[in-house]
Amino acid sequence: MIEKSKRTSSRPKNYWYWPKPINNIDLIINAVNSISSMDGKEWVISSGNQKKMMELLVEKGMHIHADNMSGRNWMSAFQLYGLAYPKRVENKKIITITPVGKSLKQSTRKSRREIITYQFMKLQFRNPSNARFLEETLKVNPLYVVCKVISELESISQIEMAYFVMKIQNHSEINSTIKEIKKFRKTKKEPEIN
């Protein structure tokens, strides 16, 4: 068996890491509201609460697999936005819905968008929720980077985002990345992935 500290991912560590459920903000908001009854429960496989959390999400039609791994993926998404996290209390991890996560329950659709936008504005890579997946040199605010690139280029495609923008390790690389995208647009030659 591989020791926990020696586990590695097959995904390159020089790209920004986004947990799978992160691509739908409304889904994340509904999901964190659906798990409010889990606040304060233990977050370990043996407690059955990871699976219970997924069962709550399946019940609400938000997911099709009620397994432990899916529960951990959702928790990663909640952590990334600062909505919930497994808090260490003595020798246990306890599901903790943050004040921001709790505020979503009473919010209107408009204020939910504002809350999530504010959370996204604060988001930075590396952070405690994803540090083990990323290079130590990665220090970026994704929203700032994307806005800066778009302000220079007027738009970016999914391919440009994947090949160029999500590789930016710090803000000093933004200008060279913009030049690479301009070159790519002229040549249409796919860059090498390293």
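The values are calculated or read from the model by the stated rules, or taken from the named source; none is laboratory data. Computed from a prediction, not measured in an experiment: that's the story for all the values here. In this analysis, Cβ positions are derived from the backbone assuming ideal geometry, glycine residues included, and neighbour counts consider all displayed protein chains. Calculation scope for accessible area: heavy atoms of the full protein, side chains included, ligands and nucleic acids excluded. Shrake-Rupley method; radii C 1.70, N 1.55, O 1.52, S 1.80 Å.
Things to note:
- Flag for Ser107 being without any contact (Cβ under 8 Å) to a residue 60 or more places away in the chain, open to solvent by less than 60 Å² (accessible area, probe 1.4 Å), among the hydroxyl-bearing types (Ser, Thr, Tyr) and part of a helix (DSSP H, G or I): no
- In segment 70-96, the residues that are more than 13 Å from Glu42 (Cβ to Cβ) and open to solvent by 10 Å² or more (accessible area, probe 1.4 Å): Ser70, Arg72, Asn73, Ser76, Gln79, Leu80, Tyr81, Gly82, Tyr85
- Filtered residues of segment 144-186 (kept if assigned to a helix (DSSP H, G or I), surrounded by fewer than 13 Cβ atoms within 10 Å (Cβ to Cβ), modelled with pLDDT of 90 or more and hydroxyl-bearing (Ser, Thr, Tyr)): Ser151, Ser176
- Residues that are farther than 15 Å from Ile150 by Cβ and within 25 Å of the chain's Cα centre (by Cα) within segment 172-190 comprise Ser172, Glu173, listed in sequence order.
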